[in-house]
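Here is the structure we will look at.
The numbers here are math on the coordinates, done by the rules we state, and not lab data. All values derive from a computational prediction rather than experimental measurement. Every residue, glycine as well, gets a Cβ built from its backbone with ideal geometry; the counts of neighbours run over all protein chains shown.
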Amino acid sequence: MSSRTRLEDLASIAGVSIATVSRALNNSPAVNDETKRRVWKIAREQNYNFRPSMPAMLSGAAATIAVVIPTPQGRQTRVSDPFFQELIGGIAEAAREISCDLLISHLAPESMDDLASLMNTNRAEGVIFLGQSLLHERLNALAETESRFIVWGAELPGQKYCSVGSDNVRGGARATSHLLNQGRRRIAFLGDTAAWEVQQRYEGYVNAHRRLGLTVDPALIVPAQFEISYAEAAVDSLTSRDVSFDGIFAAGDLIALGAIRSLLKAGRTVPQDVAVVGYDNIQLAAYASPALTTISQDMEKAGRLMISKLLAAGEGKPPRSERLPTELIVRESCGLA
């Protein structure tokens with residue numbers, strides 16, 4: 001980072017006074033938001049070192065990474081979501097290893113203006129978005145002018161930005177194949193396929209059936225959000241409609257746990273009557289009763305990948321999207337006595 005850029009240089013380019021630049025870099029309420037955005041954008045373009053303007057508690061860090069959670073599809077917007085907690089934990093451990101600070105933003109961008117404002121006004125070296133939500137096309141547009149961001153999520157056709165995520169199609173096929181190999185033939189799929197990652201897991205579910213020459217019954221495809229109560233209600237609905245099923249592939253572990261709760265409440269046994277497989281391998285999965293068979297994603301590796309790709313992008317190296325391998329973790333809900 002250049003040490004030659006001075007406040008005077010920034011002031012000259014921005015067409016404002018040195019005092020205004022200084023106040024803008026310190027996020028002073030005396031400077032309006034439009035001017036702050038313009039000054040901060042110029043400062044980044046000129047490689048001006050922001051660190052002296054950061055709070056003292058952050059001044060010793062090598063870099064600062066911001067984490068932003070867009071309003072998710074199929075999930076509640078809560079940092080307390082166990083999946084988000086474990087993903088953020090993986091990012092935090094990776095950041096600590098290289099002496100980076102991690103900031104969790106309260107913002108939930110929903111439009112292109114939101115994204116542009118967020119990138120122009122934050123002083124972090126880069127931003128990690130946890131999920132694409134409905135922002136795919138807007139993130140593509142942002143990538144035309146901005147490289148300092150990485151997305152945790154699916155890799156989609158025509159994607160121009162870098163994303164890191166699991167191989168959802170293969171993971172979905174692996175979960176479903178395990179159920180099919182156990183002799184299950186009426187396997188319900190629980191998840192909101194409007195979300196990109198869930199849609200890909202559903203594709204894997206269909207592919208596994210197709211490989212065995214089996215067709216999928218549309219009555220077994222049930223929308224369910226990533227929350228225990230929603231999943232419980234979804235399986236209650238299947239049961240009340242007398243839809244027969246002997247297996248469940250849930251697009252997330254919380255959905256699977258809600259499904260098991262519904263089954264047990266209805267007097268059905270797991271896995272004897274209905275075998276259940278989840279996705280994510282959150283820590284709670286191993287301690288459920290019965291312990292949950294699930295597809296594991298390596299959150300520690302995900303954190304390291306996102307941090308390293310983000311910092312490489314800041315050095316002018318365009319990062320490439322990457323898919324993480326998945327692993328089937330067999331436990332009591334499908335596969336163990």
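Before moving on, here are some points about what is shown:
- Gyration tensor (alpha-carbon) shape descriptor, the range 168-297, a/c threshold 1.5: rounded
- Helix-only CD estimate at 222 nm, as mean residue ellipticity for the chain, using -39500 (n - 2.57) per DSSP H run (n ≥ 4): -13000 deg cm²/dmol
- The range 168-297: relative contact order in percent, alpha carbon pairs under 8 Å with at least 6 residues between: 26 percent
- Diffusion constant of the range 126-172 at 20 °C, which comes from Stokes-Einstein with the Kirkwood Cα-pair radius and 1.002 mPa s, µm²/s: 194 µm²/s
- Spin-label model, A291/A108: points 7 Å from Cα along the beta carbon direction are separated by 3.5 nm.
- In the chain, Rg over Rh equals 1.07, where Rg is the alpha-carbon radius of gyration and Rh the Kirkwood radius from pairwise Cα distances.
- Using a Förster distance of 30 Å, the FRET efficiency for D298-R210 (Cβ separation, nearest 0.05): 0.60
- Packing, taken as the mean count of other beta carbons within 10 Å per residue, orders the peptides 267-275, 287-295 from highest to lowest as 287-295, 267-275.
- Taking label points 7 Å from Cα along the Cα-to-Cβ direction, E144 and E203 give a separation of 2.5 nm.
- Three-way shape call for the range 174-246 based on the alpha-carbon gyration tensor, with the a/c threshold at 1.5: oblate
- Cα gyration tensor category, rounded, prolate or oblate, for the range 64-200 with a/c compared to 1.5: prolate
- Antiparallel beta bridges, as assigned by DSSP with both residues in the chain, represent about 10 percent of the total such bridges.
- Residue of L139, L103, L257 that the Gaussian network model of the chain assigns the largest fluctuation, springs spanning Cα pairs under 10 Å: L103
- Loop-located GluC sites (Glu not before Pro) in the range 239-333 (DSSP state not H, G, I, E or B) with no more than 13 neighbouring Cβ atoms inside 10 Å: E315.
- In Hz, Karplus ³J(HN,Hα) per residue of the range 106-112 (6.51, -1.76, 1.60; θ = phi - 60°; x = Gly, Pro): 8, 6, 10, x, 10, 9, 5
- Ordering T294, A173, S321 by Cα displacement along the dipole of the chain toward the positive end leaves S321 in first place; charges were set at the Cβ atoms of Lys, Arg (+1) and Asp, Glu (-1).
- Extension gain, I221 to N47: 0.36 nm times the residue separation minus the Cα-Cα distance gives 57.5 nm.
- Of the trypsin sites (Lys or Arg not before Pro) found in the range 123-174, those that fall in a DSSP loop while having at most 15 other beta-carbon atoms within 10 Å are K160.
- Relative contact order (percent, whole number), the chain, Cα cutoff 8 Å, 6+ residue spacing: 17 percent
- When the listed pairs K41/K309; K265/K301; K36/K301 are checked against a 28 Å cut-off, the alpha-carbon distance exceeds it for K265/K301; K36/K301.
- Computed over neighbours whose Cβ is under 13 Å from that of V31, the net charge equals +2, Lys and Arg +1, Asp and Glu -1.
- DSSP bridge analysis restricted to the range 248-337 gives an antiparallel fraction near 35%, rounded to the nearest 5.
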